Structures are given as C-alpha cells and as structure tokens.
1. Would you please report the Å³ per residue occupied by the convex hull of the alpha carbon atoms in the stretch 58-147?
2. Whole-Hz ³J(HN,Hα) for each residue in the stretch 104-113, computed from phi via Karplus 6.51 cos²θ - 1.76 cosθ + 1.60 with θ = phi - 60°, x for glycine and proline: what do you get?
3. If packing is taken as the average number of other Cβ atoms within 10 Å across a peptide's residues, how do 64-74, 96-106 rank, most packed first?
4. Show the residues, 5+ positions off or on another chain, whose built amide H is closer than 5 Å to the amide H of Val174.
Amino acid sequence: MKRLLLLVGLLAATAHAEPLNYNVISLDAEARREVANDLMRASLFAEMNDADAARLANNINNKMHEAMKLAGAYPGIRFSAGDNQTYPVYDQKNRMTGWRSRAEVRLECRDFRQCSELIGKLQSFLQLGSWEFTIADETRQRVESELTSEAIVAFRGKAEVVAKAFKSKSYRIVNMALNSRMPYAPRMAYAKAGVMAAEAAPPMAEGGTGSVMVTVNGSIQVQE
C-alpha cells in the first residue's frame, strides 16, 4: 500500500510539473571588442658550426651570457632561454665532419620601444627568429569579465524578443553556456634567412589590435 501511495504521489507531482520538452528555443549571443595588443614576444638565436664540440659549446655559451648581460639593463623586459640543440654534421659520404649548435633566447615586454632597442643590440651577434604582438593575459581576462556581462545582457535581450514574438509574457532559461576566445591569431612574423640584421628588425611603432569575444549559447522555454 505504501508503495502504491508513493507511486500515485509521484505521478501527481509529475502531472503538475511543467515539462521542458515543449516551446524550447535555442539562442546564442556574443559580445566582441577590439583591444590594443600590449605584449610583444620575440626570439633570437645563435647558430654555429665547429669541428670541436667543447669549443663550439663555449662559443655559444659566451653569446648567451652576453645576451643575458645586455638584457639585464632592461628590467622591464622578461628574458629567458629557449631551445638549445647540438647535433653532428656529416658530409656527402656520411662522415662526421663536426658539430652544429643552436641556442635561442626569448624576450617578452610591454614597452615596444625598449624591446626594439634591446633587439637592435642583440642583433649585433644574434639572429632574429620571430616576433609577435598579442594581448597580455591580464588584459584579456579583464576584458572578458566586462564582455561576459554584455553577452548575458544580449542573450536576455534576444530571449525577450523571442518571447514577445510568441506572444508570451515570460520565459525561463533552460540552460546556458559561456565561452571566451580570441578569434584572430596574434600578429606574428618571422625573419627571412639571409637578410641583414637591420632589415630584419621588426616595426615597433604599432602593435596593432586583437579581438576578444565572449559567446553565450543556451535554450529558453517560452511560457504559455
């Protein structure tokens, strides 16, 4: 008897509940903003050949130490070591003739003028590999927080328009998902092999802009 009463109670509750399988409409909205790129990343490298592995390592290390010393005069620029590779060199008869080594340094900065100045100095003994302008993480996170509110307002605005079109006075949100992204890749370039150091220097006057976007996807149920 208790089981029967429980079943009857559940059926009654289900009958009075408002199912979510009708008048459910999927919507999406977005908020987007163009933001000035405020971060620059660059990589420079030294690449040398030598028949003596120890001498080669010493020469490469000297260049890396000199680069670190120069970067020390720019405390606002983040300096770090990148990839470091050494491998044997063979001739056409597959005989080892020596060693080739490549070491890389990376720069990250907010002040494009200082970065340009340091890169110019480093190019006296290093080659410029690549550089990019992008939006710093903290800037992106701040903008995303602002855009999240705007995207939700836009979603609710669409929901109200839909509800009005259905001649409904209200609606309920069934589900909602928020996503943020940067639709455009960072502005990136690579130095061409064989160009002179001065010609390879990146233009620092303008870092360009990047786009930050927050999207809202969800469903609403229009109330009858």
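Every number here is computed from the coordinates shown, using simple stated rules; none is lab data. Because the structure is predicted, anything quoted here is derived from the model rather than measured. Note that we place each Cβ from the backbone using ideal geometry, even for glycine, and neighbour counts take in every protein chain shown.
1. Numbers: hull volume 11.9 nm³, N = 90.
Value for the stretch 58-147: 132 Å³ per residue.
2. After applying 6.51 cos²θ - 1.76 cosθ + 1.60, I find 10, 10, 10, 10, 9, 8, 9, 8, 5, 5 Hz.
3. On the way: 64-74: 14.7, 96-106: 16.9.
Top of the packing list down: 96-106, 64-74.
4. The list, which skips near neighbours in sequence, is Ser219, Ile220, Gln221.
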